[in-house]
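Since every read-out is calculated from the coordinates, none of them should be taken as a lab result. Quick caveat: nothing in here was measured; it's all calculated off a predicted structure. A quick note on method: Cβ atoms are made from the backbone with ideal geometry, for glycine too, and the neighbour counts reach across all protein chains shown.
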Amino acid sequence: MTGSNIKRQRHSESTILVTGGTGYIGSHTVVALMQEGYCPVIVDNLSNSKISVLKRIGGITGREPTFYKADLLNTKALNKIFQRHRISSVIHFAGLKAVGESVLHPLQYYRNNIEGSLSLFSVMSENDVKKIIFSSSASIYGQAAVIPIAENCPPAPTNPYARSKFIIEQILNDIHRADPQWEVVILRYFNPVGAHQSGLIGEDPQGIPNNLMPYISQVAVGRRKKLQIFGNDYPTSDGTGVRDYIHVMDLAEGHVAALRKIEKKQSSRKKKMPLMINLGTGRGCTVMEMVQAFEKVSGKKIPYSVTKRRAGDIAACYADVTYAKKILKWKTKRSIEDMCCDAWRWQSENPQGY
């Protein structure tokens, strides 16, 4: 449903604006929100997602979410959406997200990610909506000196994508300082993988995948010949890099936990906001361990070749999740095997994606 097809909703404290809600993480979070009784309103320009996601979400939840095709830079369109719905909170996913592409096209990334966010925040302010969960990234830590990485690790972003995320974090900090009524949760996530257990929605990257799991899945389903592993001479258990892979539904549920946090009535004006919280498992997994786990659950052999390390890659990167457990009362539930099983179900049932 779009635009004029939607009548003004009744006032509701559970209506959540989700920018980028048809994307990979956004769509899974919309499902988690709907299953918890929230009423998401999606805004997405469909630059990196498909409209068919809405029907898939409806197949899981029993109804399709409200959707508007709009760009965040279009403040006029955004204002109309805020005026039509009584939005209580915003979850902000929308943004370009490929590290390599950001190095080649920095202006595009800064304009889209930062200006789009500024547009959103301005419209929120005009409509007196001051609760937001921002989708940030562990990439802002860069090459962290201490592993596991805690939230107090000094930021050291190394590419335009990561820098755009960090700049938006700083903007939200400044907004809160100027007006403490703004309640902000910044979620820095590590490596989302997997898919909804129904197999109806999952990760569908355009072009050559930038991340490990969709590449493995596409090799397994025959879309690609073999996996490239960048370096097997790291000081790890098998020589391949260690990362913190988190199931996308655990991540989605982390957003629901964050939403519950900011929607609680606050007794004091001196709120300790914004909150910056890592979302990960707190455990590292090597590339080869992930490959082997995928082979086990899928029954498919994953051919691979080893090439040299990529510039800027590090041996290990995983989260300290102590703070998330304490503040959000949240922790991951799903294993590496669950991640691989759900990713394979999605890819095998949807070999060409959506």
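Quick rundown of the values:
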| quantity | calculated |
| --- | --- |
| Residues whose placed amide H lies under 5 Å from that of A156, excluding near-sequence neighbours | Y141, G142 |
| Folded to 0 to 90 degrees: helix 160-178 orientation relative to the chain principal axis, Cα | 30 |
| Theoretical ellipticity at 222 nm over the chain - DSSP helices of four or more residues, -39500 (n - 2.57) apiece, nearest 500 | -11000 deg cm²/dmol |
| Degrees between helix 75-84 axis and first principal axis of the chain (Cα, 0 to 90, nearest 10) | 70 |
| Highest-first arrangement of 111-119, 72-80, where packing means the average Cβ count within 10 Å | 111-119, 72-80 |
| From the C-alpha gyration tensor of the chain, square roots of 5λ in Å | 32, 24, 19 |
| Pair V146, K329: separation of 7 Å Cα→Cβ label points (nm) | 2.9 |
| For K331, residues with placed amide H under 5 Å, excluding near neighbours | none |
| Eligible aspartates and glutamates near K165 by straight Cα distance, threshold 14 Å, same-chain separation 8 or greater | E115 |
| Vicinal HN-Hα couplings computed from phi for region 95-102 (Karplus, 6.51 cos²θ - 1.76 cosθ + 1.60; Hz; Gly/Pro x) | x, 6, 9, 8, 4, x, 5, 5 |
| Extended-chain gain in nm, criterion 0.36 nm per residue less alpha-carbon gap, K264 and R283 | 3.8 nm |
| Two-decimal Rg/Rh across region 128-277, once Rg and the Kirkwood Rh are taken from alpha-carbon atoms | 1.03 |
| Packing-based order for 322-332, 183-193, using average beta carbon neighbours within 10 Å, highest first | 183-193, 322-332 |
| For K50, net neighbour charge (Lys/Arg +1, Asp/Glu -1) across residues whose Cβ lies under 14 Å away | -1 |
| Other-chain or far-sequence residues with amide H under 5 Å of V41's (modelled H) | I16, L17, V18 |
| Global form of region 212-317, assessed from the alpha-carbon gyration tensor, a/c cut-off 1.5 | prolate |
| Chain lengthening between L104 and A77 when straightened (0.36 nm per residue, less Cα-Cα) | 6.7 nm |
